[in-house]
Amino acid sequence: MAERVQSEIRKKLIDAFTNNESEYLSGQKLADIAGCSRTAVWKQIEELRKEGFRFEAVRRKGYKIVSIPPDMTADKITLGLKTEKLGRNLHYHDSVESTQKIAYKLAYENAVEGTVVIAEEQTAGRGRMDRKWHSPKYTGIWMSMILRPKIPIPKAPQLTLITAVGVVQAIEAVTGLLPEIKWPNDIMINGKKITGILTELQAESDRIHSVIIGIGINVNSQEEDFPEEIRPIASSLAIETDRMIDREELIRAILEKLEKLYSLYLEKGFLPIKLMWESYAVSIGKQIIARTITGEIKGKATGITEDGVLLIEDSAGELHHIYSADIKI
Ligand code: BTN
C-alpha cells in the first residue's frame with residue numbers, strides 16, 4: 001500500500017508557493033518559512049521535481065512554481081487549499097480496499113479532526129446498506145474525512161446532510177452544473193446519481209468519538225467505466241459537462257465549502273443547513289415511494305426534521321418518519 005504523509009517542511013513549502021504563486025521565493029526565505037536549512041529546502045524541491053512539479057529557478061531571485069504533475073498527489077491537492085482544519089492532515093493512497101477502513105483506523109488512533117484519506121482506487125469500496133461502491137482508478141474522488149463534533153449521537157445524521165450541501169455547492173462552483181439532493185445523501189444530475197455519502201460513527205455510551213464521512217464522486221468516469229447494471233442510473237461530472245474535471249480543484253472546493261458549513265453548524269445549529277439542504281432537495285413537495293426494510297411508504301415528502309429524518313404524508317394524512325430507505329420519485 002503506497003502512502004506518503006506530507007512532511008511538515010514540505011507542507012510549509014507548498015503553502016509558501018501557493019500563497020505567492022507568481023513570485024520568486026529565495027532559498028533563504030523558503031528556509032525561514034519552513035524553519036529548516038537551505039539545503040533541506042533544496043532537497044525538498046528536488047523531491048518535488050522528481051514527482052513532476054516544475055520550478056523555475058533564477059539566480060538571485062529564487063524559485064517560482066511553474067506547473068504541477070498530471071496525476072493526483074497529496075501535494076497537488078493541498079496546493080492552494082484554503083482551509084484551517086479539513087484536509088490539513090492528508091493521507092493519499094494509490095490503491096486501498098476502502099478509505100473508510102483506513103480513516104476508521106486513524107480515528108481510533110486519535111488522528112486530528114479534519115484528517116482526510118484519499119485514494120486513486122478502492123478495491124472494496126462500500127456504499128450504504130452494505131452495497132458495493134464501484135471506485136475505478138483515476139476516475140473519481142474516493143475520500144473519507146474524520147470529524148469529532150461534540151454533539152449528541154442522534155444528531156449525527158445531520159453531518160450527512162451538511163456534507164451533501166457542501167458537495168453540491170462545490171460541484172456547482174467548479175463545474176457550473178446544478179446538482180440536486182435525493183434524501184438522504186445521493187447527489188443527482190439530470191436524474192442520475194453522481195455522488196454517494198456514507199456516514200459511520202465511532203461512539204462510546206453517549207459520546208461521539210468520531211464520525212467518518214465517506215464521499216464518492218464519479219468525476220471523470222465514462223459510461224464504460226460503470227458496471228452495466230448501474231449505467232441507467234449513474235453518471236459522472238465529465239459525462240454531464242462533456243469535459244474533464246480537475247479532481248484536485250474539486251477536492252479543495254469540497255473541503256473549503258464543508259469547513260465553512262461545519263463551522264456554521266457548530267456555531268448556529270442545524271437550521272441554516274436544513275434550509276440550504278431543502279433548497280437543493282429534489283424530493284421535497286413531491287409524491288415519492290420510500291422503500292424501507294419493513295415495507296414501502298407512498299406519499300408526499302413534506303420536509304426533513306431537525307435530525308435529518310424525512311417526513312412523508314400519506315394519502316390518509318398520516319405523517320411517517322423515515323430514518324433509512326431508498327427513495328423512488
Ligand atoms: C452510497 O451508497 O451512496 C454511499 C457511497 C459512499 C462511497 C464512498 S467512496 C469513499 C468512501 N469509501 C468507501 O468505501 N465508501 C465511501
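With respect to Asp225, is the statement that it is away from the ligand (no atom under 11 Å from the Cβ), surrounded by fewer than 17 Cβ atoms within 10 Å (Cβ to Cβ) and closer than 20 Å to Thr139 by Cα true?
On the way: away from the ligand (no atom under 11 Å from the Cβ): yes; surrounded by fewer than 17 Cβ atoms within 10 Å (Cβ to Cβ): no; closer than 20 Å to Thr139 by Cα: yes.
No, not satisfied.
For every residue, the table says whether it meets (1) polar (S, T, N, Q); (2) more than 28 Å from the chain's Cα centre (by Cα); (3) surrounded by fewer than 20 Cβ atoms within 10 Å (Cβ to Cβ); (4) under 19 Å from Val168 (Cα atoms).
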{"position": "Ile273", "(1), (2), (3), (4)": "no, no, no, yes"}
{"position": "Ile284", "(1), (2), (3), (4)": "no, no, yes, yes"}
{"position": "Ala290", "(1), (2), (3), (4)": "no, no, no, no"}
{"position": "Ile297", "(1), (2), (3), (4)": "no, yes, yes, no"}
{"position": "Ala301", "(1), (2), (3), (4)": "no, no, no, no"}
{"position": "Val309", "(1), (2), (3), (4)": "no, no, yes, no"}
{"position": "Ala316", "(1), (2), (3), (4)": "no, yes, yes, no"}
{"position": "Leu319", "(1), (2), (3), (4)": "no, yes, yes, no"}
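Given the criteria crowded, with 22+ Cβ neighbours inside 10 Å, in contact with a Ser or Thr (Cβ under 9 Å, 6 or more places away or on another chain) and not in a helix (DSSP H, G or I), does Ile254 qualify?
no
One line per residue, one yes/no per condition, for (1) in a loop (DSSP other than H, G, I, E, B); (2) in the same structural domain as Thr18 (by TED's automatic domain parsing); (3) under 27 Å from Asn218 (Cβ atoms):
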| residue | (1), (2), (3) |
| --- | --- |
| Gln44 | no, yes, no |
| Ala57 | no, yes, no |
| Lys82 | yes, no, yes |
| Ile102 | no, no, yes |
| Val117 | no, no, yes |
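Residues that are within 30 Å of Glu306 (Cα to Cα), over 15 Å from the mean Cα position of the chain (by Cα) and in contact (Cβ under 8 Å) with a residue 12 or more places away in the chain: does the stretch 84-100 have at least one?
Yes, the stretch 84-100 contains at least one residue that is within 30 Å of Glu306 (Cα to Cα), over 15 Å from the mean Cα position of the chain (by Cα) and in contact (Cβ under 8 Å) with a residue 12 or more places away in the chain.
Out of Lys274, Lys298, which single residue is more than 30 Å from Met72 (Cβ to Cβ), at pLDDT 90 or above and either aliphatic (A, V, I, L, M) or part of a strand (DSSP E or B) (or both)?
Going through Lys274, Lys298 in turn, just one is more than 30 Å from Met72 (Cβ to Cβ), at pLDDT 90 or above and either aliphatic (A, V, I, L, M) or part of a strand (DSSP E or B) (or both): Lys298.
For the stretch 101-114, give me each residue that is away from the ligand (no atom under 15 Å from the Cβ) and within 16 Å of the chain's Cα centre (by Cα).
Selection gives Glu113, Gly114.
List pairs: first residue in the stretch 182-197 and closer than 15 Å to Arg126 by Cα, second residue of a type outside the set (D, E, K, R) and at pLDDT below 95 anywhere in the structure, Cβ distance under 6 angstrom, at least six positions apart or on different chains.
Asn185/Thr160; Ile197/Thr160; Ile197/Asn185
Just wondering, is there one or more residues in the stretch 115-131 that are over 16 Å from the mean Cα position of the chain (by Cα), modelled with pLDDT of 95 or more and either on the phi < 0 side of the Ramachandran plot or more than 9 Å from the ligand (Cβ to nearest atom) (or both)?
yes
Specify the residue that is farthest from the ligand (Cβ to nearest atom); the eligible residues are those in the stretch 132-145 that are assigned to a strand (DSSP E or B) and touching a residue at least 40 places away in the same chain (Cβ under 8 Å).
Only one residue fits best here, namely Met145.
Just to be sure before I move on: is Leu201 in contact with a Leu (Cβ under 7 Å, 6 or more places away or on another chain) and either on the phi > 0 side of the Ramachandran plot or touching a residue at least 12 places away in the same chain (Cβ under 8 Å) (or both) in the structure I sent?
On the way: in contact with a Leu (Cβ under 7 Å, 6 or more places away or on another chain): no; either on the phi > 0 side of the Ramachandran plot or touching a residue at least 12 places away in the same chain (Cβ under 8 Å) (or both): yes.
Judged against the criteria, Leu201 is not a match.
Taking the residues in the stretch 139-170 that are out of contact with any strand residue (DSSP E or B) (no Cβ under 7 Å at 6 or more places or on another chain) and buried (at least 22 other Cβ atoms within 10 Å of the Cβ) as candidates, determine which candidate is nearest to Ile239 (Cα to Cα).
Across the stretch 139-170, the extreme among qualifying residues is Ala170.
Only one residue in Glu84, Glu97 is over 22 Å from Ile245 (Cα atoms), out of contact with any strand residue (DSSP E or B) (no Cβ under 9 Å at 6 or more places or on another chain) and at pLDDT 95 or above, so which one is that?
One residue alone meets the criteria, Glu84.
Hey, any hits in the stretch 231-247 for a residue that's more than 21 Å from Leu90 (Cα to Cα), within 19 Å of the chain's Cα centre (by Cα) and assigned to a helix (DSSP H, G or I)?
Scanning the stretch 231-247 turns up at least one residue that is more than 21 Å from Leu90 (Cα to Cα), within 19 Å of the chain's Cα centre (by Cα) and assigned to a helix (DSSP H, G or I).
Can you find even one residue in the stretch 85-95 that is aliphatic (A, V, I, L, M) and away from the ligand (no atom under 15 Å from the Cβ)? Walk me through it before giving the result.
First pass over the stretch 85-95, keeping only residues aliphatic (A, V, I, L, M): 86, 90.
With away from the ligand (no atom under 15 Å from the Cβ) added as a condition, the list becomes 86.
Checking the stretch 85-95: at least one residue is aliphatic (A, V, I, L, M) and away from the ligand (no atom under 15 Å from the Cβ).
The values are calculated or read from the model by the stated rules, or taken from the named source; none is laboratory data. If you're wondering where the values come from, they're calculated on a predicted model, not measured in any experiment. All Cβ positions, even for glycine, are placed from backbone atoms using ideal geometry, and neighbour counts span all protein chains on display.
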